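Asks: Handing you a structure now.
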Amino acid sequence: MIQYSFSLQELEYYLLVLVRVTSFLFVAPFFSMSGVPARVKITFGVFVSYLIYQVTMPHVYPEYNTVVGYAIIVLKEGITGLLVGFSANICNSIVLFAGRIVDMEIGLSMANQMDPTTKENASVTGMFYQYMVLLILLLSGMHRFIIQALVETYELIPVNRMVINQEKMLDAWIQFLGDYIILGFRLCLPIFGVVLIVNVVLGILAKVSPQMNMFAVGIQIKLFVGLCVLFFSITLLPHMADLIYTQVKIVMVSFVEAMMQ
């Protein structure tokens, strides 16, 4: 018969670790997808929390006097996990942004469909980019990296030591928004550039022969050229995934630094 005893203080500390881990898994990429069963998320969160609980010894127990004080600590741990997981998840929106630009250029901006993983409307090319990039990131071990990053947050932000620096957090958001636009255009630059050349050629032809209906012809030409460039630019997907991987590291570090004392 197995007998395992623990103090109430140890239980309270484990529950605080569980709150941060489950909050992280609720918004983190890969783990937050609707295709992952809720029981799997809960079981995985409990298991990872126990491992982190054993790794972070010796424990520094938070001090509080009332139930309200403990509730405030729980709230702080939940916010920490949400911000760390959200910092890794928002980088996926760069791929969707690039896909929307591509669809707007080739004439598929109205062809939106429901993304089963996020339950939001997404463009056709955006979903293609997102699934391919997520697959490459999964094969490259990004899921292990974000779990390792979560474990390292306990060294940088111990339990009940989270303090949001407003200036650093604002700088982190501004830096991400700037990289969001730059990386989005870098990802869709091949198709954007080719379609731009096609538009210039169509504009010249419209001036040379006004009797031709360039609007009707241009829609078909841009769609055909865009799909051809999309097919030949598939080899750039590993480079796209590498950019997103690097951006995830940058954003997570900037968000964690904004929560350190």
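The values are calculated or read from the model by the stated rules, or taken from the named source; none is laboratory data. For clarity, every value in this text was computed on a predicted model and none was experimentally measured. Positions of Cβ are generated from backbone atoms using ideal geometry, with glycine treated the same way; all protein chains shown enter the neighbour counts.
Asks: Could you give every pair whose Cβ atoms fall below 7 Å, whose first residue belongs to the range 63-77 and is among the small types (Gly, Ala, Ser), and whose second residue is in a helix (DSSP H, G or I), counting only separations of at least 6 or pairs across chains?
Replies: Going by the 7 Å Cβ cut-off, there are no qualifying pairs.
Asks: Among the candidates Ala172, Ala216, Ala206, single out the residue that is under 30 Å from Leu18 (Cβ atoms) and aliphatic (A, V, I, L, M).
Replies: Of Ala172, Ala216, Ala206, the one residue that is under 30 Å from Leu18 (Cβ atoms) and aliphatic (A, V, I, L, M) is Ala172.
Asks: Next question. Condition test on Gln148, is it assigned to a helix (DSSP H, G or I) and exposed (fewer than 12 other Cβ atoms within 10 Å of the Cβ)?
Replies: Yes; evaluated as a whole, the condition is true for this residue.
Asks: Select, from Leu230, Leu196, Leu243, the only residue that is surrounded by fewer than 17 Cβ atoms within 10 Å (Cβ to Cβ) and within 30 Å of the chain's Cα centre (by Cα).
Replies: Just a single option satisfies the conditions, and that option is Leu196.
Asks: Same structure, new question: Just for helices (runs of 4 or more DSSP H) wholly inside the range 159-261: which have at least 1 residues that are of a type in the set (Gly, Ala, Ser) and free of Cβ contacts under 8 Å to residues at least 40 places away in the same chain?
Replies: 166-187, 189-208, 214-232
Asks: What number goes with the only condition from (1) within 28 Å of His59 (Cβ to Cβ); (2) over 21 Å from the mean Cα position of the chain (by Cα) that Gly203 does not pass?
Replies: Going through (1) within 28 Å of His59 (Cβ to Cβ); (2) over 21 Å from the mean Cα position of the chain (by Cα) one by one, Gly203 breaks only (1).
Asks: Here's something else I'd like to know. If the requirement is being within 19 Å of Ile157 (Cβ to Cβ), out of contact with any His (no Cβ under 8 Å at 6 or more places or on another chain) and aromatic (Phe, Trp, Tyr), which of these qualifies: Tyr64, Tyr13, Tyr50?
Replies: Tyr64
Asks: Moving to a separate point now. Search the range 118-145 for residues being of a type in the set (Gly, Ala, Ser) and either free of Cβ contacts under 8 Å to residues at least 24 places away in the same chain or crowded, with 16+ Cβ neighbours inside 10 Å (or both), and hand back the single one that is nearest to Cys188 (Cα to Cα).
Replies: This residue is Gly126.
Asks: Taking the range 119-171, which residues are of a type in the set (S, T, N, Q) and at positive phi?
Replies: Asn160, the sole residue that qualifies.
Asks: Test Asn199 against the stated conditions and say whether it is at positive phi and not hydrophobic (A, V, I, L, M, F, W, C).
Replies: No: the conditions fail for Asn199.
Results for (1) in contact (Cβ under 8 Å) with a residue 24 or more places away in the chain; (2) buried (at least 21 other Cβ atoms within 10 Å of the Cβ); (3) closer than 22 Å to Met132 by Cα, shown as yes or no for each residue.
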residue: Glu10; (1), (2), (3): yes, no, no
residue: Leu15; (1), (2), (3): yes, no, no
residue: Val21; (1), (2), (3): yes, yes, no
residue: Pro29; (1), (2), (3): yes, yes, yes
residue: Ser32; (1), (2), (3): yes, no, yes
residue: Gly35; (1), (2), (3): yes, no, yes
residue: Ala38; (1), (2), (3): no, no, no
residue: Phe47; (1), (2), (3): no, no, no
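Asks: With among the small types (Gly, Ala, Ser), closer than 24 Å to Val256 by Cβ and at pLDDT 80 or above as the only criterion, which of Ala88, Ala98 stands out?
Replies: Ala88
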